[in-house]
């Protein structure tokens, strides 16, 4: 897991970046500013010591226990941080369908009504230029919309999603809810783009196995699209999100900073096919989920670095959504190996040690309705209605 033990950052006065229109999308604007600094990489806290090596993955090892210990240390602090702002919402998931045995696997049949018109998520390289631009414009649209007011530090609808992730991080990382919650989170983001920002293209994902150790060679990280990746922790000053102003994070604090990346090929090399296959060879959901989280998932976050390595506020970097499409696609590949079982059963535990069941709730703070695990195990069923192009 790309987990960081949050450094206490003093509250800062939050200044909204000026909205500057971009030449290639004159109808949209993003919050840009030259006043927001690049924060030292150290505040995002490197986490290479808590990731699964390829050798460990191939050997069938896992480090979920180590990560659980770290999560326990920070969990209370995070909930205290947001208690006054959000009431007891951070505990909503704690009370969902508690089960005494932490090892029991739910085998109740899942609702599996197949969607009649399944959307196909397309890998970035297979998307047309116009579809890529439609996705980028939709993100910029969301960045230009007023915040909902649900999260005090958020300055836009886009940052509402960053703040949501920040609040729920202790509950949806380092436990078996990780893949399931992020699946619904990504889907929710997609639906908001479609409903509110005119997004009509296939949702893109990034096949990191093709660029393991060489992310900078992907057009994603070019001046045409999301800007450079290997900028040594400095602000990203090229691409369509150059000098992006960020108000959420790092960690549990909120200190204005720019979109920054580091770019470390020694880390992104671990997003390769061998790592994906090693994790997808695991026989149980809980084992695969732990391997996925601390394997390719963590290495991708930490390899892009800076904002992306911040476990709490990493969605502030638009590359987050492409990376998590890759992680969800790998999860779906694992399910496809035995779809009759793996889209109808679940195992593992939540952060409190309670066994997940098909009736365990997944929430995104009412941005979209709460769902149960049974509703999102099969991505081609009626709730989610999507699949990947390969």
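Yes/no per residue for (1) crowded, with 22+ Cβ neighbours inside 10 Å; (2) more than 21 Å from residue 313 (Cβ to Cβ):
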residue: 170; (1), (2): yes, no
residue: 176; (1), (2): yes, yes
residue: 229; (1), (2): yes, no
residue: 232; (1), (2): no, no
residue: 246; (1), (2): yes, no
residue: 262; (1), (2): yes, no
residue: 265; (1), (2): no, yes
residue: 268; (1), (2): yes, no
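In segment 97-117, the residue that is farthest from residue 386 (Cα to Cα) out of those that are modelled with pLDDT of 65 or more and loosely packed, with under 14 Cβ neighbours inside 10 Å is 113. Selection of segment 226-246 for residues being in contact with a helix residue (DSSP H, G or I) (Cβ under 6 Å, 6 or more places away or on another chain), touching a residue at least 40 places away in the same chain (Cβ under 8 Å), part of a loop (DSSP other than H, G, I, E, B) and on the phi < 0 side of the Ramachandran plot yields 226, 229, 240.
Could you tell me whether residue 163 is at pLDDT 95 or above and outside any loop (DSSP other than H, G, I, E, B)? The answer is yes for residue 163.
Between 273, 309, the distinction of being crowded, with 21+ Cβ neighbours inside 10 Å, within 30 Å of residue 373 (Cα to Cα) and touching a residue at least 60 places away in the same chain (Cβ under 8 Å) belongs to 309 only. Among residues of segment 210-220 being assigned to a helix (DSSP H, G or I) and over 30 Å from residue 368 (Cβ atoms), the one that is farthest from the chain's Cα centre (by Cα) is 217. Determine if segment 139-159 includes at least one residue that is under 14 Å from the mean Cα position of the chain (by Cα) and either at pLDDT below 95 or closer than 15 Å to residue 313 by Cα (or both). Within segment 139-159, one or more residues are under 14 Å from the mean Cα position of the chain (by Cα) and either at pLDDT below 95 or closer than 15 Å to residue 313 by Cα (or both). Out of curiosity, is residue 136 crowded, with 19+ Cβ neighbours inside 10 Å, closer than 19 Å to residue 362 by Cα, out of contact with any strand residue (DSSP E or B) (no Cβ under 7 Å at 6 or more places or on another chain) and modelled with pLDDT of 95 or more? No. Scanning segment 185-202 for residues that are under 19 Å from the mean Cα position of the chain (by Cα), more than 20 Å from residue 369 (Cβ to Cβ) and in contact (Cβ under 8 Å) with a residue 60 or more places away in the chain turns up at least one hit.
I need the full set of residues from segment 344-386 which are closer than 28 Å to residue 204 by Cβ, in contact with a helix residue (DSSP H, G or I) (Cβ under 7 Å, 6 or more places away or on another chain) and in a strand (DSSP E or B), in order please. Correct list: 346, 362, 371.
Restricting 243, 247 to residues that are in contact with a strand residue (DSSP E or B) (Cβ under 9 Å, 6 or more places away or on another chain) and modelled with pLDDT under 95 narrows the list to 243.
The values are calculated or read from the model by the stated rules, or taken from the named source; none is laboratory data. Since we're looking at a predicted model, the values are computed, not measured. Every residue, glycine among them, receives a Cβ derived from its backbone with ideal geometry; neighbour counts consider all protein chains shown.
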